[in-house]
1. Cα atoms only: what Rg and Dmax, in Å, come out for the range 282-321?
2. Please compute one quarter of the surface area of the Cα convex hull for the range 193-347 and express it in square nanometres.
3. On full extension of the chain, what length is gained from Arg230 through Ile264, given 0.36 nm per residue of separation minus the C-alpha to C-alpha distance?
4. Against the longest principal axis of the chain, how steep is helix 84-93, in degrees 0 to 90 to the nearest 10, with axes from Cα atoms?
5. Give me a comma-separated list of calculated 3J(HN,Hα) values for the range 317-333, in order, Karplus coefficients 6.51, -1.76, 1.60 applied at θ = phi - 60°, integers in Hz, x for any Gly or Pro.
6. Would you mind counting up the charge near Met192? Only other residues with Cβ under 14 Å from its Cβ, with Lys and Arg at +1 and Asp and Glu at -1.
7. Anything over 28 Å Cα to Cα? Flag those among Lys143/Lys179; Lys161/Lys322; Lys72/Lys295; Lys41/Lys322, in the order listed.
8. Only Lys, Arg, Asp and Glu count, each charged at its Cβ (+1, +1, -1, -1), so figure out the dipole size of the chain about its Cα centre, rounded to 20 debye.
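Here, each number is a calculation from the coordinates, and none is a lab measurement. In this text, all values refer to a predicted model and were calculated from it rather than measured experimentally. Cβ: placed from backbone, ideal geometry, glycine included. Neighbour counts: every protein chain shown.
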Amino acid sequence: MRTKTFLAKTFLAKTVLGCLLAACLGTGAALADDQAPIIIKFSHVVAADTPKGKGAEMFKKLAEERTHGRVKVEVYPNSQLYKDKEEIEALQLGAVQMLAPSLAKFGPLGVREFEVFDLPYIFPNTQVLRAVTDGPIGASLLKKLESKGILGLAYWDNGFKIMSANRPLIKPEDLHGLKMRIQSSKVLDAEMRQLGALPQVMAFSEVYQGLQTGVVDGTENPPSNMYTQRMHEVQKYATLTNHGYLGYAVIVNKQFWDGLPADIRAELESAMKDATVYTNQIAQKENDDALAAMKASGKTQFHQPTPAEMEAWRQAMLPVHKQMENRVGKDLIQSIYKVAEKYGFKY
Ligand code: LMR
């Protein structure tokens, strides 16, 4: 009997103690949760020392400062976490919260309209480009991402692409028969076919090796990407065609973003706004510096096309606009032409 009472008392004591402990731990956990920063994993595929890499770091700095540490931004450059295709899936699944894929990589997600940015020579200058991204066309394109669980926050520049290979590319015909690495865009596929080349989609992280081993012969990229991935070490020639634009949409997982406390979201939006201004201000210089560094290395020979050669490149690639009307939308292409015309440009 005494033993039974003793056991009952011990059990009761243990239970009370256990409950107290659990309550304490629970409170502690809740406290820790309240104090734990919100983590934003920002994954991207380029080097840290590029317009996008620097933009991501600037966003991190501003976001952490303005939220007084309530948000921590972890930037993962160089495909450390995910390659091109996987990163978009990871964002949709919530494994990362923020990305800035190039506009050429939204096609596989089912939003083909973004490929309008890949049309060769569609942007005569950055003024027209900016009027498109900052105006109603840019906004309506970002809106299209929402049905995919994605929110578009901003457009970031890299720059205009140049063609490279291991043979001189003086005129469009020089691309004939070359295997050219492209991003996953049907417009880029059409562009290369139009030039008589054989396009090959390849993840960005694999391009250097692809060029080195001869799986592909050449590629197109802005100088900043070419330089920071050391592609100039494995490409003997490049031509400054500036034929196509490469830029980014900074995107977030919509559910995550909508679920943020309103005051935090407002600070993050302001951080993104300022990081965008910064990125778009430095992008041109980053590319100029990268080109200068590659020229100085002497590994690649760069050709500046004469006005007549440039016109030949333009004429060779312009038919792609018509060919791709069904893919990206005739009205969308026309609306960009209209913006360009406002700035006095005729196609
Ligand atoms: C590429 O794959 O060539 C680019 O999209 C990489 C990048 O993000 O700039």
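1. Both quantities, over Cα of the range 282-321: 13.8, 36 Å.
2. 12.7 nm²
3. Using 0.36 nm per residue and subtracting the Cα-Cα distance, I get 8.4 nm.
4. Here the helix axis deviates by roughly 30 degrees.
5. Computed from phi, the couplings for the range 317-333 are 9, 4, x, 4, 4, 5, 4, 9, 4, 5, 6, 9, x, 4, 4, 5, 4 Hz.
6. So the environment of Met192 carries a net charge of -3.
7. Lys143/Lys179; Lys72/Lys295; Lys41/Lys322, as the Cα separations exceed 28 Å there.
8. The calculated dipole for the chain is roughly 860 debye.
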